[in-house]
Amino acid sequence: MGRPLVSVVMAVYNGGRYLREAVASVLEQTFRDFEFIIVDDGSRDDTAAQIRSFGDPRIRLVAHAENRGLTAALRTAVRAANGAFIARMDADDRSLPGRFETQLAFLERHPSLLLLGTFGRWLDASGAALEEIPMPTAAMGIRALLLKGNCFIHGSVMFRREAVARVGNYSSDYPYAQDYELWLRIASVGQVDNVPEALYGLRTHDASISATCACQQRYYAKKAVAAVMEDKKWRRDGLSAG
């Protein structure tokens, strides 16, 4: 069996009530040629048993012996990826069935594009879809807007493996805002965009990182922008964070 076209990467710690729905939303994609790398980051609940219960050969379960944090788990997942494209998925969210197919078609039409997210839709704790989450697009000047804030829903993103080869993996210096920091580095060497379709369900609940670690997220986001603004290429392009 050859290498899959796409590697889906997910990190999970004590996945609980939402994990099964998240995994199922990946396995039910209309696009089928993928491997699904799930890093169990030292869970102490039935996370591993839930994952194994699917019995799907596309799932590759990698276990950390202890909880090392989201950044470390994502670094492990990306290193294990074999696909030409890497798609993110979060363990408490949901991808619509046509997400991968739509993103791949968009990337094939735009070969210079390194990273592609999607619009989203909020989900409540029960999984009911709420309002749409529009995101910036290339037509809106997404690269300049990225210096003002994160323009991507982390779990919705698909990027070329070559992008990681060029700029490196998630940075171990960023326990929070690790996605934003990586997108800034990718945007420094190539084009980024969002599909203007709500293909990803983002769950809102009290235990989410955005809800529990907002201050840490803001601190590391500012650190990431400060670092990229030292890059001569960004300054030469006339972009600023102001």
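Here are the numbers for this structure:
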| read-out | value |
| --- | --- |
| Cβ-Cβ under 8 Å pairs, at least 6 apart or on other chains, region 143-170 side outside any loop (DSSP other than H, G, I, E, B), far side among the polar types (S, T, N, Q) and open to solvent by 10 Å² or more (accessible area, probe 1.4 Å) | 143/191; 167/188 |
| Hits in region 67-99 (condition: open to solvent by less than 10 Å² (accessible area, probe 1.4 Å) and assigned to a strand (DSSP E or B)) | 86, 87, 88, 95 |
| Members of region 13-23 that are open to solvent by less than 20 Å² (accessible area, probe 1.4 Å) and out of contact with any helix residue (DSSP H, G or I) (no Cβ under 6 Å at 6 or more places or on another chain) | 22, 23 |
| Region 43-58 residues that are over 19 Å from residue 13 (Cβ atoms), paired with ones that are surrounded by 12 or more Cβ atoms within 10 Å (Cβ to Cβ) and of a type in the set (S, T, N, Q) (beta carbon under 8 Å, 6 or more apart) | none |
| Test: residue in region 52-66 that is at positive phi, out of contact with any Ser or Thr (no Cβ under 8 Å at 6 or more places or on another chain) and open to solvent by less than 20 Å² (accessible area, probe 1.4 Å) | no |
| When residues of region 122-143 are limited to those that are buried (at least 17 other Cβ atoms within 10 Å of the Cβ) and not β-branched (Val, Ile, Thr), the one modelled with the lowest pLDDT | 143 |
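The values are calculated or read from the model by the stated rules, or taken from the named source; none is laboratory data. Quick caveat: nothing in here was measured; it's all calculated off a predicted structure. Neighbour counts run over all protein chains shown; Cβ positions are idealised from the backbone, glycine included. Side chains are part of the model used for accessible areas, which takes the heavy atoms of the whole protein and leaves out ligands, DNA and RNA. Shrake-Rupley method; radii C 1.70, N 1.55, O 1.52, S 1.80 Å.
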